[in-house]
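Values in this text are rule-based calculations from the coordinates and carry no lab data. On a predicted model such as this, the values are computed, not experimentally measured, just so you know. So basically every Cβ, Gly included, is an ideal-geometry build from the backbone, and we count neighbours across all protein chains shown.
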Amino acid sequence: MPRLTRAESVLRTRAALLRAAEEVFADKGFAEATLDDIADRAGFSRGAVYANFANKTELFLALLDDWLQREIESRSGLTDPAHNAQQDIDALSGRGGNRFADSKRFLLLIEFRLYALRHPEVAARLRDYDRASTDWFATVIEQVAAASEISLPAPVHQIALLVLALEHGIATLAHTDPERVPHEAFLDSLTLLNRALSALANTDSAQ
């Protein structure tokens, strides 16, 4: 095998640390996990962790960014310019219902959000993650609206925020009351929202 360049070696080490961090955080939670745990799981020294991340918080924030990027990449092939909004929603069926169907990941995100609320300097960074999620939703909504040839009846980021709130809220209810609220209920809500937005758009165009 060809020898890795320094840049490639750094990227490989960082990716290994992120994989290990995801496993350790999922097993122990954010508060109980330590950098030593993560270094051991990855097969590196503690120094290797500090060479890539300033502290445990920075490592978790990097993991959030990695999660979001993977979600964007995994769903990029599900939208089709030839599809209408409902066809794009239907394409998500069978993929867990929403991004937070995994209980370990969801609990970890909730735990970190509570931590961030108590630490303003961390809350600002978590805000960036939430904004990136909203921006992603806004981009998808604009693409779907263009494919469906409808004029959005509200600012796109307002609609994206509503979708994000639905996703988080339904995930919370689905994890506490799975018998009544399946994770797929998020897709049902998107269907209802799509119908409401389409009806509003048709009403506005008729006036």
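Comparing Q158, L92, A54 along the charge dipole axis of the chain, the residue lying farthest to the positive side is A54, per the Cβ-charge model.
So for the chain, considering every pair of alpha-carbon atoms, how many percent are separated by more than 21 Å? Taking all Cα-Cα pairs of the chain, the fraction more than 21 Å apart is 60 percent.
For the pair segment 101-168 and segment 27-42, the centres of their Cα atoms are 27 angstrom apart.
Each residue of segment 137-148 was assigned a 3J(HN,Hα) from its phi angle through the Karplus curve 6.51 cos²θ - 1.76 cosθ + 1.60 (θ = phi - 60°); the sequence is 4, 4, 4, 5, 4, 4, 5, 5, 4, 5, 5, 8 Hz, with glycine and proline shown as x. Projected label points at E73 and Q143, each 7 Å from Cα along the beta carbon direction, are separated by 1.6 nanometres. The gain in end-to-end length when the L193 to T172 segment is fully stretched comes to 5.6 nm, 0.36 nm per residue minus the alpha carbon separation. For the chain, adding -39500 (n - 2.57) for each run of n ≥ 4 DSSP H residues and dividing by the number of residues yields -25500 deg cm²/dmol at 222 nm. Kirkwood analysis of segment 1-53, using all unique Cα-Cα pairs, places the hydrodynamic radius at 11.4 Å.
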